[in-house]
1. Take residues that are modelled with pLDDT of 80 or more and within 21 Å of the chain's Cα centre (by Cα) and tell me which of the helices (runs of 4 or more DSSP H) falling wholly in segment 9-105 contain 1 or more.
2. Between residues in segment 142-161 that are open to solvent by 50 Å² or more (accessible area, probe 1.4 Å) and residues that are part of a helix (DSSP H, G or I) and charged (D, E, K, R), which pairs lie under 7 Å by C-beta distance while being six or more apart or on different chains?
3. Output yes when any residue across segment 456-464 is part of a helix (DSSP H, G or I), within 23 Å of Met108 (Cα to Cα), aliphatic (A, V, I, L, M) and open to solvent by less than 40 Å² (accessible area, probe 1.4 Å), and no when none is.
4. Might you check whether a residue that is in a loop (DSSP other than H, G, I, E, B), modelled with pLDDT under 90, open to solvent by 10 Å² or more (accessible area, probe 1.4 Å) and among the small types (Gly, Ala, Ser) occurs anywhere in segment 410-428?
5. Within segment 286-307, is even one residue part of a strand (DSSP E or B), surrounded by 12 or more Cβ atoms within 10 Å (Cβ to Cβ) and touching a strand residue (DSSP E or B) at 6+ places or on another chain (Cβ under 9 Å)?
6. Could you check Gln527 against (1) modelled with pLDDT under 90; (2) under 30 Å from Pro141 (Cβ atoms) and say which number it fails?
7. What residue, of Val232, Val238, Val250, is buried (at least 16 other Cβ atoms within 10 Å of the Cβ), of a type outside the set (Ser, Thr, Tyr), within 30 Å of Asp190 (Cβ to Cβ) and in contact with a strand residue (DSSP E or B) (Cβ under 6 Å, 6 or more places away or on another chain)?
8. Among the numbered criteria (1) surrounded by fewer than 19 Cβ atoms within 10 Å (Cβ to Cβ); (2) closer than 20 Å to Ala131 by Cβ, which one does Ala51 miss?
Amino acid sequence: EMCIRDRYQRRVRGLNRPRTMQAAGGLPSMLKHGATHSEGVQDAIIRNLEACEALTNITRTSLGPNGMNKLVQNHIGKTYVTSDCATMLAQMDVQHPAAKMLRLAAEMQEQEVGDGTNFVCTFGGEILNKAQKLLRMGLKPIEITNGYSMAAKKSLELLNATTFEPVKDVWDEAEVGALMRTVMSSKNVDESLSDWVAKACISSNPKSGRFAVGNVRVATILGSGMADTFMVSGLATVRTSNSRTSIKSVKDAKVGVFVNPLDVDNTDSKGHVLMKNADDLKSYNKSEEEYMEKQVKEIADSGVNVCVFGGKCSDLALHYLERYGQMVITTSSKFELRRICDVVHATSQMRAGPVKASEIGVAECVSEIEYGETTVMNFQIAQGEASAMSTIVVRASSRNLLDDAERAINDGVNVYRQLCRDPRLCPGGGATEIALARKIVEYADTIPGLEQYAIRCFGEAFEIIVGSLANNSGRLATDVVADLYAAHSAGKTTVGVNTTMESSETTADMAEIGCWDCLATKATALQLLVNTAVDILRVDTIIMARQAGGPKMKGPNKNWDKDPIFG
């Protein structure tokens, strides 16, 4: 009886013992302690859509020329004050996997085109918000994704069917400057900066049409104001040393570029020199000087008067370089050496010595110029010559403004690259979005299945762009959307939101004021955001492994070093 009673008690104790995660079975049994998972429409899909909606609510207030700035402090404590959507998303360190997918789509838009990142984030979040309402109405995710794919395909067909006049000449400053003003109007920069970007892009665009983004460089110098920004036809760099000799400027420069530093070579192994008298010591020192003078003389006899070295020069080398009238510049960056070779059309030399005439670079002027407390080395080529590179020297009163200007210039240069590939344009200011909204809603009425609800929501989502532009301009979004629908119904397809604060009119003709966007910007954005939205809507299970990491940061809790799972 005692054995039976003990066996029964052990069995009861075993049944009452709490089951561990491994003993529970199912998905948790396959994961480590601390892993989380959610599944189903409510727990997985709706949560993803809510995270994307929260991200959209942050970025939509920065859309357009009257958008607000955001102050973001990243994980290392650096502060950014910007209205650029790509910069905000990159520094926010988004952790939610679905919101991170939307951020990656905006980053890809930045790399592909350079403009339209806020359009991707705002419109992408809106169609996901519409999908959330469709799910609560009873539609299945596959029906929504099919409808969105059909609507995106129809939108691209409508965009490609537009007959607006493209850019006739990508070397025309007036046409390119008007487009750059539209692209850079939403950035926190001076309006004159768009003209400098247009001039720099055109001057560094070869007639073959093979424009590269690296052809336009940016040099940021703290001080003065952004209105004092200017362009150098060539390369202006702050990543090299000042002139190491007394010669600070050379006109009609013949540039020799040497990869290695100029110094007396040291042997790899130890050596012994036996000197029997004072004459041996004098001749030994004199041999080094003669060898160095021979190298410098060979460089000077080749016709070179500006030497660029990829390392330091010894005092002995500088002595002879000064004697032979050489301007000496040193840099430790191999990328800067490559840019100097590109702009002066020189061939880099592996060793100091005579240089062939065909390998010597040519520049109109190489000079050392001081702006405030910053010294800039200018490699300027002749005016009217097809430059391999142009540099925009940006002046501003704070480092934040300089960073914003540099990002805006990079966006403008990327747009010009896209313009060289596809010169087609479409009206800005929300005119294209309202036209697509009307056509997509009409297209939805021709679809018999449940996909028509998703297609209609996709078309209505275009109104978020118009509404955000109106709200940021201090206007009532519903009134502006209604006015635009009425104007487009009357055949005025280029009418968009009037973002001029001083005007009382809610709408304006984009063709008259010269507000145009690249058609490729809209097309690429639609493809990226629809692919992202479809991927997010097809997720029915979220599995997040336990975060890996070492020792935790000390916190206010006295048990800060204890593991939350194991104690």
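The values are calculated or read from the model by the stated rules, or taken from the named source; none is laboratory data. All figures in this text were calculated on a predicted structure; none of them were measured in a lab. No Cβ is skipped: glycine too gets one built from the backbone with ideal geometry, and neighbour counts run over all protein chains shown. The protein model used for the area step is the full one, side chains on, heavy atoms only, and it has no ligands, DNA or RNA in it. Shrake-Rupley method; radii C 1.70, N 1.55, O 1.52, S 1.80 Å.
1. In segment 9-105, 46-59, 85-92 are the helices (runs of 4 or more DSSP H) which contain 1 or more residues that are modelled with pLDDT of 80 or more and within 21 Å of the chain's Cα centre (by Cα).
2. Asn146/Glu451; Met150/Glu451
3. yes
4. Scanning segment 410-428 turns up no residue that is in a loop (DSSP other than H, G, I, E, B), modelled with pLDDT under 90, open to solvent by 10 Å² or more (accessible area, probe 1.4 Å) and among the small types (Gly, Ala, Ser).
5. yes
6. In the conditions (1) modelled with pLDDT under 90; (2) under 30 Å from Pro141 (Cβ atoms), Gln527 misses (1) alone.
7. Among Val232, Val238, Val250, only Val232 is buried (at least 16 other Cβ atoms within 10 Å of the Cβ), of a type outside the set (Ser, Thr, Tyr), within 30 Å of Asp190 (Cβ to Cβ) and in contact with a strand residue (DSSP E or B) (Cβ under 6 Å, 6 or more places away or on another chain).
8. Result: Ala51 fails condition (1) only.
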